[in-house]
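The values are calculated or read from the model by the stated rules, or taken from the named source; none is laboratory data. Here the structure is a predicted model, which is why all the values come from computation and not from measurement. Positions of Cβ are backbone-derived with ideal geometry, glycine not excepted, and every protein chain shown enters the neighbour counts. For the accessible areas, the whole protein counts, side chains as well, though only heavy atoms, and no ligand, DNA or RNA atoms are used. Shrake-Rupley method; radii C 1.70, N 1.55, O 1.52, S 1.80 Å.
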Amino acid sequence: MTLKNSSNNIEKPVGVIGIGSFGTAIANILAEKNNVIVYARKQEIVDEINEQHSAEGRALNQSISATTDPQTLCEMCEVMFPVVSSSGFRDVMKKFAPFLHPYHILIHGTKGLVLNLPEGRNLDNVSKIHRENIWTMSEVIQNETVVVRVGCLAGPNLAKELAKGQPAATVVASRFNEVILEGQRLLRSDRFQVYGNQDIIGVELSGVLKNTIAIASGALAGLGLGENAKGLLISRGMVEMIHLGNALGGQTQSFVGLAGIGDLVTTCSSTFSRNYTVGYRLAKGETLDAINDSMDEVAEGINTVRLLKTFLEGTGMRAPITENLYKVLFEGFKVEDALYYLMKYPFNVDIDFL
């Protein structure tokens, strides 16, 4: 499917909403075959893109232009890739909503969750939450806008490696085959393979849940532990991801694919991962507040752990890695004590999800 301008039959540019490290990488990949317009909130970043072909020092393809105006982006682009943090995603969609139409296609690249509670309620004043209180980014788009054709990007896509043009792959997931095909057409290249999956919730949750395991993996590295411990964590983490993912509406097959185990292995092994870095620094004795204050971009796994812990309170499920990460992150539990607890946890069956 090739989207054309209905009035003059000229193919429309592709939009990217957000220009952090991953947004920059996606914009550059798209610009290899397409005209690209980027939305950024700050005028100084837009000026840098338009005048210097960079975004906060990160190089951009010279054909990429930028705007601070959501209406301009929506009028010029029919396909857009929102790539903003989960904490700001809902507000951005509300800002774009008046200018979005059912003909638009949105394929997001955000690996986080949004809490949906009545005004005045939050994780500080509720004891438990249910599935309807947890929105993936595709659910945010569908609830806050009139856009129907929604997709997501997920997979082992470390932005620093993508920026270097190293070989990689991603999954475009959507209930609509035309969204998958359009994502493949726009993104696929000799260095970037694009697979399709119609279980958008499962693919989104794969990207979300692996972040919590990546924090734990970084903590193991910070303690100086070796590959045996990492292999144990990744395998048990995969099992926990599948059980949590099934409870939240994902299909098991999605978690054992590129967006699940592929991304999990990568994120649990790379110092380029923000979540891995959080765990590593915690194990070295730094506080969570100090780590957050020093990071340029959000480690999505921190909020995910807190949200999942509250969700678990209402289900009776056990997720020992997530539960102990919560204690480490928010209750002052030592990483060494969490590891000791997990080693004593009665995991009796290796594979129990097939």
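Laid out as a table, the results:
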item	result
Reachable lysines from K12, criterion Cα separation under 19 angstrom, eight or more residues apart if same chain	K4, K33
The chain, relative contact order in percent, only Cα pairs under 8 angstrom and at least six apart counted	14
Net charge dipole size for the range 198-354 [Lys, Arg +1 and Asp, Glu -1 on Cβ; Debye, nearest 20]	300
For the chain, the longest site-free run once chymotrypsin sites (Phe, Trp or Tyr not before Pro) in DSSP loop states with at most 16 other Cβ atoms within 10 Å are removed	1-102
Two-decimal ratio, the range 84-171, of alpha-carbon radius of gyration to 2.2 N^0.38 Å	1.28
Share, in percent, of DSSP beta bridges within the chain that are antiparallel, nearest 5	30
Relative contact order for the range 14-198, counting Cα pairs under 8 Å that sit 6 or more residues apart, in percent	18
Accessible-area composition of the chain, carbon plus sulfur, in percent [1.4 Å probe]	48
Listed pairs K160/K284; K284/K334; K230/K344; K128/K334 exceeding 22 Å between Cα atoms	K160/K284; K128/K334
Nearest 10 degrees, 0 to 90: helix 335-344 Cα axis against the chain principal axis	70
Cα centroid separation - the range 167-221 against the range 38-59, whole Å	26
For the range 34-44, Karplus couplings with θ = phi - 60° (6.51, -1.76, 1.60), whole Hz, Gly/Pro x	9, 6, 10, 10, 9, 9, 10, 6, 8, 4, 5
For the range 158-170, Karplus couplings with θ = phi - 60° (6.51, -1.76, 1.60), whole Hz, Gly/Pro x	5, 4, 5, 6, 4, 5, 8, x, 6, x, 7, 8, 9
Straight-distance crosslink candidates among lysines, where the alpha carbon sits under 21 Å from K42 and sequence neighbours closer than 8 are dropped	K94, K95
Set of aspartates and glutamates near K327 by C-alpha distance (under 16 Å), chain-local residues within fewer than 8 positions excluded	D124, E286, D289, E313, E336, D337
The range 235-309 versus the range 70-110: alpha-carbon centroid distance in Å	25
Given charges at beta-carbon only (K, R positive; D, E negative), |dipole| of the chain in Debye	460
The range 1-108: GluC sites (Glu not before Pro) in DSSP loop, at most 15 other beta carbons within 10 Å	E56
Cα long-axis angle, helix 227-247 against the chain (0 to 90 degrees, to the nearest 10)	70
GluC sites (Glu not before Pro) restricted to DSSP loop in the range 130-182 with at most 16 other C-beta within 10 Å	none
For the chain: accessible area per residue (Å², 1.4 Å)	44
For the range 202-344: relative contact order, % (alpha-carbon pairs under 8 angstrom, 6 or more apart)	32
Read-out Cα extents along the principal axes in Å, derived from the coordinates shown; its label in (1) 64, 47, 45; (2) 70, 49, 38; (3) 67, 40, 37	(3)
